[in-house]
Amino acid sequence: MADFRQQALDYHEFPVPGKTAVCLTKPAETSMDLALAYSPGVAEPVREIAKDPDTAYRYTGKGNTVAVISNGTAILGLGNLGPLASKPVMEGKALLFKHFANIDATDIEIKHDTTEQFINTVEAIADTFGGINLEDIKAPECFEIEKTLIERCNVPVFHDDQHGTAIVTTAGMINALEIQGKKIEDAIIVCMGAGAAAIACMTMLIKCGIQRKHIYMLDRKGVIHSERTDINEYKALFANQTTKRTLRDAIAGADAFLGLSGPDVLSGDDVALMADKPVIFACSNPDPEIKPEVAHDVRQDLIMGTGRSDYPNQVNNVLCFPFIFRGALDVRASKINDEMKIAAVHAIADLAKQSVPAAVLAAYPDVDALSFGPDYVIPKPVDPRLLSHVAKAVAQAAIDSGVSVLKSLPEGYMV
Ligand SMILES: NC(=O)C1=CN([C@@H]2O[C@H](COP(=O)(O)OP(=O)(O)OC[C@H]3O[C@@H](n4cnc5c(N)ncnc54)[C@H](OP(=O)(O)O)[C@@H]3O)[C@@H](O)[C@H]2O)C=CC1
Ligand SMILES: CC(=O)C(=O)O
Ligand SMILES: [Mg+2]
């Protein structure tokens, strides 16, 4: 473990600090190149954009850029460690945008006093980019921030921890429940955590068939129930009329547990109380709510997922955000709406049922085979088909729901 820590630090430090850099897309060798790139040539696109702002998509990189913006208030499951400490995660998201979807992402970490100040800062820079990916901003402020920015910005604004996580979790949960022979409308689910990711995941699961009354949501103080007077308006949407108060009360007989909280909050004894053939997605990063080996020691009939790359079933928003933005940017969607999100859910879920290409297996040397089943409920992030499947479904949904500038997919798109 000490070795891994040093390896991770070395990865970030060498051969140059950080994980991203800028590259040029045009020549800059000759005096003519410079005359075109800079003065006097650059004045021509300046004049065009001043006349018609839409031409920024034609003459600048705007249309292929996303800003990854954080204030560091909920960095993974590590908590509020401030904007600068969030930079490795934001650079990491930029790496994933580029590697998986060829989107040029810029990380921006914002220091602020008030929520309004944060919103104003993002609004002021939003036109520079083709889209805004909000990241690791804690609840409940994240809800107002995203809503207001969607209203005020001309480009798609997407809080990844809410919707990216919800899309991937829902895709995985649909498949895992199917493998366990459970109907989604009958499933009882315990959600540990009541923040950005948890609220969005439960909202999306309801849209895809889970019954609201079958959800037990918990925060640090226990079950969110209708007699609590200390809960915000977002948690209140999930307040049940129930006598259950603790995780132990809620987990007894539950079909599924979703962890979006912190490390080691679910014990083996809790897992033993779940219904037959349970599903556990312990998605807290970097340390899950329960270690897979602890859960598997207790139950053999379990489907287990985590947010990490080093266990089967990685339930992580990386399966979504590069690809949903790819689709949205490619048809110039003005927003990322529910139709696009639900299209992404089904594209991800369906891909797990198709046979896995050799390139994916090659990236997991410890795995002999991957096929739809308990250890493979969701595609691997390295699966090259995610790009075409998810981006195409999302782009088509944007067109069909009338939020795109392009009115049909470009000829040969993602074939
Ligand atoms: N795998 C994935 O793709 C993703 C995983 N996550 C993980 O989800 C977690 C939450 O992230 P996010 O929603 O953005 O953060 P927020 O700060 O918005 O929410 C955190 C929530 O978790 C609760 N919580 C934290 N620690 C505990 C604990 N020990 N016991 C019970 N509840 C706890 C908090 O309770 P209270 O309200 O009482 O403070 C709060 O409701 C993180 O661990 C993060 O890594 C997030 C996004 C994606
Ligand atoms: C994966 C991610 O976005 C998180 O843990 O916050
Ligand atoms: Mg995050």
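The values are calculated or read from the model by the stated rules, or taken from the named source; none is laboratory data. Quick caveat: nothing in here was measured; it's all calculated off a predicted structure. Cβ coordinates were reconstructed from backbone atoms using ideal geometry, including for glycine residues, and neighbour counts include every protein chain displayed. Keep in mind that these areas ignore ligands, DNA and RNA; they rest on the heavy atoms of the full protein, side chains included. Shrake-Rupley method; radii C 1.70, N 1.55, O 1.52, S 1.80 Å.
At a glance:
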| quantity | calculated |
| --- | --- |
| Filter result for the condition that a residue is more than 16 Å from ligand 1 (Cβ to nearest atom) and assigned to a helix (DSSP H, G or I), over Ala94, Ala198 | Ala94 |
| Any pair with Cβ under 6 angstrom, 6 or more apart, that starts in the range 384-411 at a residue that is in a helix (DSSP H, G or I) and ends at one that is among the hydroxyl-bearing types (Ser, Thr, Tyr) | Ala398/Ser404 |
| Those residues of the range 206-229 which are over 25 Å from the mean Cα position of the chain (by Cα), open to solvent by 20 Å² or more (accessible area, probe 1.4 Å) and near ligand 1 (Cβ under 9 Å from one of its atoms), in sequence order | Lys221 |
| Residue tally, condition within 16 Å of ligand 2 (Cβ to nearest atom), open to solvent by less than 30 Å² (accessible area, probe 1.4 Å) and assigned to a helix (DSSP H, G or I), over the range 59-88 | 1 |
| The range 343-366 residues that are in contact (Cβ under 8 Å) with a residue 60 or more places away in the chain and surrounded by fewer than 13 Cβ atoms within 10 Å (Cβ to Cβ), paired with ones that are among the charged types (D, E, K, R) and part of a loop (DSSP other than H, G, I, E, B) (beta carbon under 9 Å, 6 or more apart) | none |
| Test: Asp107 is within 16 Å of ligand 3 (Cβ to nearest atom), charged (D, E, K, R), at pLDDT 95 or above and part of a strand (DSSP E or B) | yes |
| Positions within the range 163-196 being under 15 Å from Ile342 (Cα atoms), open to solvent by 10 Å² or more (accessible area, probe 1.4 Å) and within 14 Å of ligand 2 (Cβ to nearest atom), in sequence order | His163, Thr165 |
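Residue by residue, here is whether (1) open to solvent by less than 10 Å² (accessible area, probe 1.4 Å); (2) under 18 Å from Gly373 (Cα atoms) holds:
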position: Phe281; (1), (2): yes, yes
position: His296; (1), (2): no, yes
position: Arg299; (1), (2): no, yes
position: Gly305; (1), (2): yes, yes
position: Pro322; (1), (2): yes, no
